[in-house]
Amino acid sequence: MLANHFQNGIETARLVWSRIPNSDESQLLDDAVGILKKNDGGGVESLDYEVIENFAYREEQALRGKLYVSYLLVVKWFFALLIGICTGLAAVLINIAVENFAGWKFSVTFDIIQKSYIAGFVVYVLINLALVYSSVYIITQFAPAAAGSGIPEIKGYLNGVDTHGILLFRTLVGKIFGSIGSVGGGLALGKEGPLVHTGACIASLLGQGGSTKYHINSRWFQVFRSDRDRRDLVTCGCAAGVAAAFRAPVGGVLFALEEVTSWWRSQLMWRVFFTSAVVAVVVRAAMGWCKSGKCGHFGSGGFIIWDISDGQEDYSFAELFPMAIIGVIGGLLGALFNQLTLYITTWRRNYLHKKGNRVKIIEACVISILTSAISFGLPLLRKCSPCPDSDATSGIECPRPPGMYGNYVN
């Protein structure tokens, strides 16, 4: 009986060992998995934000003197300043480019429709189509991680999920030029979400000293190597993006505190606020400089710059009920919009986008044509009213003619 048990054990061991692949097969399996990960856009990794306080860590901390700790503190504030300046400049670049593309587009269209509405419509659609095509081509061929707003990916990163490619240099380039093409091309979207992703990319690149792949790096900036320090920098970048979009430093701090992080430290709050304040100063200074006409069609009160200089100071009791009705209608329409977006996004992901990048480009171009047709045709449904130039007390502000400021909203 013992011999039978021994023989059965040997046969079981042979069966198990026969199922284990050899080195060549395991290499092929790893290559196949690697190819699969590459085709799927890279694997998803987890980040370790916790400090492991073991003997080696305490020994390393003991070797650091007070001078080195003060040096790290100064460097952190210096990086906060750099993140604010760079994010502000990126926002100014996007704003100026979009305003000039939109202003030039409307100027050409207004000149042509004086002769022919059909020719003006064709030119308007072609200009929008060219801008949207350039945007979607950059995203699909150069920086696929820059698709969408980028806020969900940054939320995941700040909470420990590192998706491959979301903070690379090419993602930053794709996000900037993709925002310029899509917003300037008249699509019904904004640059607020992409600016959050842009600020996060700038912060991450500064934290790791630049981009090694494109030979844009410096050893002087390679100070913070841990995931915890990079997380703090990316948090400053997120707040800087919101401050650049709305020129609201406190709004940037609240966005980082309430929306994108599940942790917080009081020391980080002051650095985040300092970064957001620097961004607001840079954007406002650039707008003040551009008001003199040095930036083409860029100016206050345009398409994408929030500039509220006046408003109603008080409200009467009779206005509260219509406001409540508008709020209810807006909530219902918002819920309907979210549900339809969920259905359409699921269909696009499961059926449409599995056919390749060419289908994505065609989809964006079709949406651009439809959006251009609607935005061009809606003003034709309403008659023009004469502008009361003679009556200065009418309180009606006439729209500016097509000129340097690009204020065609009215």
Please identify the trypsin sites (Lys or Arg not before Pro) of region 96-174 that satisfy two criteria: DSSP loop assignment and at most 13 other Cβ atoms within 10 Å. Which are they?
Lys115
Give the calculated FRET efficiency between Ser292 and Asp111 to the nearest 0.05, with a Förster radius of 22 Å applied to their Cβ-Cβ distance.
0.30
Rg to Rh for region 35-128: what is it, with Cα atoms only and Rh by Kirkwood?
1.37
Express the carbon and sulfur contribution to the solvent-accessible surface of region 241-301 as a percent, rounded to the nearest whole number, probe 1.4 angstrom.
66 percent
Plugging the Cβ-Cβ distance of Leu380 and Trp347 into 1/(1 + (r/R0)^6) at R0 = 51 Å yields, to the nearest 0.05, a FRET efficiency of 0.95
Ranked order, Tyr57, Tyr343, Tyr71 - accessible area, probe 1.4 Å, largest first
Tyr343, Tyr71, Tyr57
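The values are calculated or read from the model by the stated rules, or taken from the named source; none is laboratory data. What you are looking at is a predicted structure, and each value in this text was computed from that prediction instead of being measured. Reconstructed Cβ throughout: ideal geometry from the backbone, glycine too, with neighbour counts over all protein chains shown. Heavy atoms of the whole protein, side chains included, go into the accessibility calculation; ligands, DNA and RNA do not. Shrake-Rupley method; radii C 1.70, N 1.55, O 1.52, S 1.80 Å.
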